[in-house]
1. Consider Thr740 against the criteria (1) part of a helix (DSSP H, G or I); (2) away from ligand 2 (no atom under 16 Å from the Cβ); (3) under 29 Å from the mean Cα position of the chain (by Cα): it satisfies all of them except one. Which criterion is unmet?
2. Can you tell me which residue among Ser332, Ser322 is modelled with pLDDT of 95 or more and crowded, with 22+ Cβ neighbours inside 10 Å?
3. Scanning region 539-560 for residues that are part of a helix (DSSP H, G or I) and either farther than 30 Å from Glu477 by Cα or of a type in the set (A, V, I, L, M) (or both), which turns out farthest from ligand 2 (Cβ to nearest atom)?
4. Only one of (1) in contact with a Lys or Arg (Cβ under 6 Å, 6 or more places away or on another chain); (2) assigned to a helix (DSSP H, G or I); (3) surrounded by 22 or more Cβ atoms within 10 Å (Cβ to Cβ) is not met by Ala628, so which one is it?
5. Among (1) away from ligand 1 (no atom under 16 Å from the Cβ); (2) of a type outside the set (Phe, Trp, Tyr); (3) more than 23 Å from Leu677 (Cα to Cα), there is one condition Arg714 misses while meeting the rest; what is its number?
6. In region 561-576, which residue that is closer than 14 Å to Pro524 by Cα and either without any contact (Cβ under 8 Å) to a residue 40 or more places away in the chain or in a helix (DSSP H, G or I) (or both) is nearest to ligand 2 (Cβ to nearest atom)?
7. Only one of these is surrounded by fewer than 18 Cβ atoms within 10 Å (Cβ to Cβ), on the phi < 0 side of the Ramachandran plot and out of contact with any strand residue (DSSP E or B) (no Cβ under 8 Å at 6 or more places or on another chain): Leu163, Leu132, Leu181. Name it.
8. Return yes or no: is Val607 within 16 Å of ligand 1 (Cβ to nearest atom), modelled with pLDDT of 95 or more, closer than 27 Å to Gln514 by Cβ and crowded, with 24+ Cβ neighbours inside 10 Å?
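The values are calculated or read from the model by the stated rules, or taken from the named source; none is laboratory data. Everything numeric in this text was worked out from a predicted model, so none of it was measured. Don't worry about glycine lacking a Cβ; one is built from the backbone with ideal geometry, like all the others, and counts go over all protein chains shown.
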Amino acid sequence: MVKSSILGYPRIGAQREWKKALEAYWAGKLEEAAFHEQLREIRLSHLIKQKEQGIDLIPVGDFSYYDQVLDTAAMFGIVPQRFTYDGGTVPLSVYYGIARGTKEATASEMTKWFNTNYHYIVPELDGAAPALTENKPLIAYKEAKEALGIEGKPVIIGPLTFLKLSKGYKEGELDQWIEQLLPLYSQILQELSNEGVEWVQVDEPILVTKLDSQDIQRLQKIYSTFAAAAPKLRIMLQTYFESVENYGDIIQLPVQGIGLDLVHGYSGNVKSLEKYGFPQDKVLGAGIIDGRGIWKAALRDKLAQLQEISKWVSEDRLIIQSSCSLLHVPVSLASEIALAPELKGALAFADEKLIELVLLTKGINQGSEAIQAELDDCDVALSALEQSPDRKRNDIREQVAAISSVNPERSQPFSKRHLLQQDKWNLPLLPTTTIGSFPQSADVRKARRLWRKGEWSDSKYEGFIEEQIDTWIHLQEEIGLDVLVHGEFERTDMVEFFGEKLGGFAFTQNGWVQSYGSRCVKPPVIFGDIRFEEPMTVKETKYAQSKTSRPVKGMLTGPITIMNWSFVRDDISREQIAYQLAYALRQEVEALELAGIGMIQVDEPAVREGLPLKEEEQAEYLAWSVKAFRLTTSTVKDSTQIHTHMCYCEFHDMIDSIEDMDADVISIETSRSHGELIHSFEDNTYKLGIGLGVYDIHSPRVPKVEEMTSMIDRALRVLDPKLFWINPDCGLKTRGTEETVQSLKHMVEATKAAREKYEVSIK
Ligand code: GLN
Ligand code: ZN
């Protein structure tokens, strides 16, 4: 009999109960015991749901108090030395300290989980003496069994993935770290085995990236150690997000199951199956239901694919599962009452994916006749979306084809534009600016709510937004910033705001997914061809500019970020979607310029996370991403200054592409990664304007002037002071007003000192 499983379930709760509990606890409004109790209830309710739907192998231990990578580090007692910790179970205060920073110590770096928009906390190994502080998967397994009679499938992150995602050790030390962790992992597995666990899911998504022969040897060592430590336990070596590299080696590892992504890695994995077959002694975890996309699966095609797969694996050795954890999709369609029926009918969130998995399993076990009615319904639903008039607009397709057939370029190179822009603005050395948003206070959120509910008229709401702009223009002048922003008070979110004003987008009411920690995002759904309808940002920007003689930067979200932070249709290529967005945004850029705005920032924080995991596909992605950015920004006058912004990811391997975007100024995050990016500029000279974030905005802590001074000094050792800008890491919308003003004052103070120092040196 084929079984069904998923790799993980979203932890945030159908109504974001999880987020609310975390935030209440952090705010001191929830006692620790009550907090644990609330999270337990949420956790168990997810297991009940899966059981009720009929999932056979239910994951346990996929739940988290913040992030699963941080959990793994905490389980091994890996706590950065700047936090007070003397071994044993990591207290909640330390756990959250690592994630969020404390008054005394900065948070650990956070970075994107493979090519998703989920961020994990990067474990810092330096100085750590790993020990097993608690067997988290065992605790989760026992809880499910005792409370619900569910014999779950514990989930853990495998050692190679965990170590490769960690930092704080030298390249040559990886093997020592494996040596140190192996006994701890072995103990976990032994204890699970003694408890009667049948399957354990060991996540090794790193196996979809290129590994060298040493890594293969490491894997052999790791998994043979596990096999020896817990011979009765069945290990599902789980991969996801792409096809497995080194498939021929991986299938020889001494594990009982191999989990493959048969959605995002379908063609690569099938090629490997064709070449190497599938070992007769193993179970295939067939990741056939998309764990990341929100579209209903074409069940008939999926059945055909499973049939194809059964050429290599007999059905009794199949587990039908999601392609990855369902962490990356919203919880349920149940509360979506406002979506157009043809769209809603074509969607599947986590709960609907459970149903799809159970149906496919039934279809395989009992034959497709057993699910005939559901197959027919599925066909009807999918073709209804196909016929919706917004889906295909020939006018847009023609225009986009025309503009994207030429290479978009500004009319002069940066060296010339820079002079024109300097003449126009006459900015001081080391100009200061911010990234766009200012604190979205409770008042701002309340005003928006009242307006959306219709309790406030448009004009009342607009008046309120103008007051916010007034306040912050005044504050920015008082702080002494050189280039101002309007503050983005009218925006809930940098993607949703634009999506709501463009054609081809739809919005869910409750389609939240976790981004990092308690922060959730509600990605728009791109289901049709994208249309510019009317200017989206001109009114507020123009208003802000009318209130000051200093330049106000216009503020847009770029095409790649809008695309990567949306759920996108899968019937046309991402490249085409990006160009459609670029064409729409170009019309906004032109409208801003026409309204007299001479600096325009087009944010692209999400370029990196869309980078294909396969090296051989990266250049092409970067090429069309850069092109989309240039399509958006290259029609402006040479004296118009184009800015861009990127944050919270690894940039060092894409600096050439960043330069290729040809933005006059880029602001880029560096402070949370403690300036590591700066090293990349030692060998590559960056020739355009650049501001490296001088403080981390994810922490409520007000950084000292000296901290920023040292960031500036470090950067200016490798970057040209004449092209350097000073700014925080990212937008300030999650911060409080007071800490923001304080921090920016410190930033301006650090800048003034730096100007004195570097003015002399450049003369
Ligand atoms: N302009 C946006 C802001 O300031 C940029 C946010 C981001 O990079 N994520 O909020
Ligand atoms: Zn940012």
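1. Thr740 satisfies all of (1) part of a helix (DSSP H, G or I); (2) away from ligand 2 (no atom under 16 Å from the Cβ); (3) under 29 Å from the mean Cα position of the chain (by Cα) except (2).
2. Going through Ser332, Ser322 in turn, just one is modelled with pLDDT of 95 or more and crowded, with 22+ Cβ neighbours inside 10 Å: Ser322.
3. Ranking the candidates gives Ala544 first.
4. (1)
5. The number of the failed condition is (3).
6. Top of the filtered list is Thr561.
7. Step by step, each of Leu163, Leu132, Leu181 is checked, and only Leu132 is surrounded by fewer than 18 Cβ atoms within 10 Å (Cβ to Cβ), on the phi < 0 side of the Ramachandran plot and out of contact with any strand residue (DSSP E or B) (no Cβ under 8 Å at 6 or more places or on another chain).
8. no
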